[in-house]
Amino acid sequence: MMKNSVAAAVHAALNAERPVILDNPPAALAEEPRPRQEPTTEAVPLPAECWVGIDVAKAHLDGATWPEIERLRVARDDAGLVALTAWLRARAPRLIVLEATGGLEVPVVTALVEAGLPVAVSNPRQARDFAKATGRLAKTDALDAAVLAHFGHAIGPEPRPWKDAEAQALTAVIQRRRQVVEMLTAEKNRLASAHPHVKPDLEATIAWLEQRLKDHDRDLQQRLRASPVWRERDDLLRGVPGIGPVTAATLLAALPELGTLDRRQISALVGVCPFNRDSGRSRGRRMIFGGRAGVRAVLYMATVTASRCNPVIKAFYQRLRQAGKPSKVALTACMSK
């Protein structure tokens, strides 16, 4: 039936009589003069909504929009950030998505936040899994930027609270302290089996690292006590038995979402929330996955102390151990609590 109707339509179009066009139509057939209309101001169409992805590399930044693909590449310097900000403001994106790239994204996100643009920093694993799910197996900086823009449109990650300059400085001091602790541990391990000829050098290095560790601890305390807001939060956190100055400073600097999310969300964000591994009738072991490793590391040591001196955590830990839970499983549950 469809074929007959299409054929009939084509036949009618081919056999239709063509209108006769007169070069000089008579007055009777001429068109009547139309009334003059006042000129109207046409509304300028608003720009279409778009989402932007930015791939951060050491030397340059790649930007891409979605759903209409526009691309931009600028150098990762002050001039490039100015050009990138101007390019983004002209497009007024709903959301800008970047990946966490070990700190390279911090200056970019800071500049965009200061410009009043909506920014979300996503987990690289999530963005890569999204690319594979959409069939994008190739990987370049330009393609990654387009994937991030598509990811922002499809998933819509929530912009996380960004750290101000003081919080970024506190985070840098905490990261440097962690590096000093790692170097100090490595040097002490080398000292145990070192040749007598190099032991004095190792001992001098250990002494210097221990002094640097004390300096970083003093710097952390001065920064925390200098801010009235941080001082109040620091006192609140350190009022919990088992929470020391380093743990409190790490929670304040590396976990700004603390207090704004519920217990399940904050546990998953830190990486102490066990996830199910079930399929059909099979019941797999619950395991923690991902999260913020720096926060989880200091929280583990604080929980070890709390399992001995905090009455609430101690009773909870002992109850889990008596129920047959392994010690690390019980400690992870105490970290979540």
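The values are calculated or read from the model by the stated rules, or taken from the named source; none is laboratory data. What you see is a predicted model, and the numbers here were worked out from it, not measured in a lab. Every residue, glycine as well, gets a Cβ built from its backbone with ideal geometry; the counts of neighbours run over all protein chains shown. What goes into the accessible areas is simple: the full protein's heavy atoms, side chains included, and nothing from ligands, DNA or RNA. Shrake-Rupley method; radii C 1.70, N 1.55, O 1.52, S 1.80 Å.
All but one of (1) over 21 Å from residue 234 (Cβ atoms); (2) open to solvent by less than 30 Å² (accessible area, probe 1.4 Å); (3) among the hydrophobic types (A, V, I, L, M, F, W, C); (4) in a helix (DSSP H, G or I) hold for residue 313, so report the exception by its number.
(1)
Quick check: anything in the stretch 281-288 of a type in the set (S, T, N, Q), surrounded by fewer than 16 Cβ atoms within 10 Å (Cβ to Cβ) and more than 31 Å from the chain's Cα centre (by Cα)? It would help to see each step written out before you state the result.
Looking only at the stretch 281-288, we keep the residues that are of a type in the set (S, T, N, Q), and these are 282.
Keeping just the survivors that are surrounded by fewer than 16 Cβ atoms within 10 Å (Cβ to Cβ) gives 282.
Right, trim to more than 31 Å from the chain's Cα centre (by Cα) and you get 282.
Yes; the residues of the stretch 281-288 include at least one that is of a type in the set (S, T, N, Q), surrounded by fewer than 16 Cβ atoms within 10 Å (Cβ to Cβ) and more than 31 Å from the chain's Cα centre (by Cα).
Within the stretch 316-337, take every residue that is under 16 Å from residue 287 (Cβ atoms) and not in a helix (DSSP H, G or I) and give me the one that is least open to solvent (accessible area, probe 1.4 Å).
Only one residue tops the list, namely 326.
Is the stretch 258-267 home to any residue that is within 27 Å of residue 303 (Cβ to Cβ), assigned to a helix (DSSP H, G or I) and either polar (S, T, N, Q) or in contact with a Ser or Thr (Cβ under 6 Å, 6 or more places away or on another chain) (or both)? Don't jump to the end; show me each part of the working.
Quick first cut of the stretch 258-267, residues within 27 Å of residue 303 (Cβ to Cβ) only: 258-267.
If we keep only those that are assigned to a helix (DSSP H, G or I) too, we end up with 263-267.
Those still in the list that are either polar (S, T, N, Q) or in contact with a Ser or Thr (Cβ under 6 Å, 6 or more places away or on another chain) (or both) too: 265, 267.
Yes, the stretch 258-267 contains at least one residue that is within 27 Å of residue 303 (Cβ to Cβ), assigned to a helix (DSSP H, G or I) and either polar (S, T, N, Q) or in contact with a Ser or Thr (Cβ under 6 Å, 6 or more places away or on another chain) (or both).
Residue by residue through the stretch 121-159, note down the ones that are touching a residue at least 60 places away in the same chain (Cβ under 8 Å) and within 12 Å of residue 95 (Cα to Cα). Walk me through how you get there before you give the answer.
As a first pass, look at the stretch 121-159 and keep what is touching a residue at least 60 places away in the same chain (Cβ under 8 Å): 123, 125, 141-142, 144-153, 156-157, 159.
The answer is 148, 149, 150, 151, 152, 153, 156, 157, 159.
Kindly establish whether residue 225 is free of Cβ contacts under 8 Å to residues at least 24 places away in the same chain and part of a helix (DSSP H, G or I). First the steps, then the outcome.
Working: free of Cβ contacts under 8 Å to residues at least 24 places away in the same chain: yes; part of a helix (DSSP H, G or I): yes.
Criteria met by residue 225.
Within the group 311, 241, 274, 256, which residue is on the phi < 0 side of the Ramachandran plot, touching a residue at least 40 places away in the same chain (Cβ under 8 Å) and touching a strand residue (DSSP E or B) at 6+ places or on another chain (Cβ under 7 Å)? If you could, list the steps in order and put the result at the bottom.
Working: 311 fails: touching a strand residue (DSSP E or B) at 6+ places or on another chain (Cβ under 7 Å); 241 fails: touching a strand residue (DSSP E or B) at 6+ places or on another chain (Cβ under 7 Å); 256 fails: touching a strand residue (DSSP E or B) at 6+ places or on another chain (Cβ under 7 Å).
Selected residue: 274, the only one of 311, 241, 274, 256 that is on the phi < 0 side of the Ramachandran plot, touching a residue at least 40 places away in the same chain (Cβ under 8 Å) and touching a strand residue (DSSP E or B) at 6+ places or on another chain (Cβ under 7 Å).
Within the stretch 297-306, is even one residue open to solvent by 50 Å² or more (accessible area, probe 1.4 Å), more than 26 Å from the chain's Cα centre (by Cα) and polar (S, T, N, Q)?
Scanning the stretch 297-306 turns up at least one residue that is open to solvent by 50 Å² or more (accessible area, probe 1.4 Å), more than 26 Å from the chain's Cα centre (by Cα) and polar (S, T, N, Q).
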